[in-house]
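Structure record follows, encoded as structure tokens.
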Amino acid sequence: MFISRETISQWENDEATPNLSQLVQLSRLFDVSLDELVLNDSSHHRHDEHPTNFWQFAESYWWLIFPIGGFLSWFIPHIIEVIKQ
């Protein structure tokens, strides 16, 4: 990448900042996202990661069963009543 030690030292001491092309090259070199490289924020997932499976989804949204169950316990008897008429 042809980046000198002095340049990196300036980045570390907030005396200079890398340009965008250098940041992209560094993110590819270290296999991290730009957010993680610049902001030290690893909460953003890369696009090549596996999508969320059912169990990960259920673990995050288990509480939805209560409002959905409440709605269905009200809705289904009303539908049955309408069908019987």
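The values are calculated or read from the model by the stated rules, or taken from the named source; none is laboratory data. Since the model is a prediction, treat every value here as computed from it, not as a measurement. Cβ sites come from the backbone with ideal geometry, for glycine too, and all protein chains shown count toward neighbours. When the accessible area is computed, the model is the full protein with side chains, heavy atoms only, and any ligands, DNA or RNA have been set aside. Shrake-Rupley method; radii C 1.70, N 1.55, O 1.52, S 1.80 Å.
Some observations on this one:
- Heavy-atom accessible area per residue - the chain, 1.4 Å, Å²: 94
- Angle of helix 20-30 to the longest C-alpha principal axis of the chain, folded into 0 to 90 degrees and rounded to 10: 70°.
- The heavy atoms of F66 offer some 140 square angstrom of accessible surface to a 1.4 angstrom probe.
- Most mobile of L34, L20, L72 in a GNM of the chain (Cα contacts under 10 Å): L72
- Relative to the compact-globule estimate of 2.2 N^0.38 Å, the Cα radius of gyration of the chain comes out at 2.16.
- Spin-label pair F57/V38, simplified geometry with 7 Å Cα→Cβ offset, distance in nm: 3.2
- Sulfur and carbon atoms: percent of accessible area, the chain [1.4 Å]: 60
- A simple spin-label model places the labels of I83 and I8 7.0 nm from each other, with each point 7 Å out along Cα-to-Cβ.
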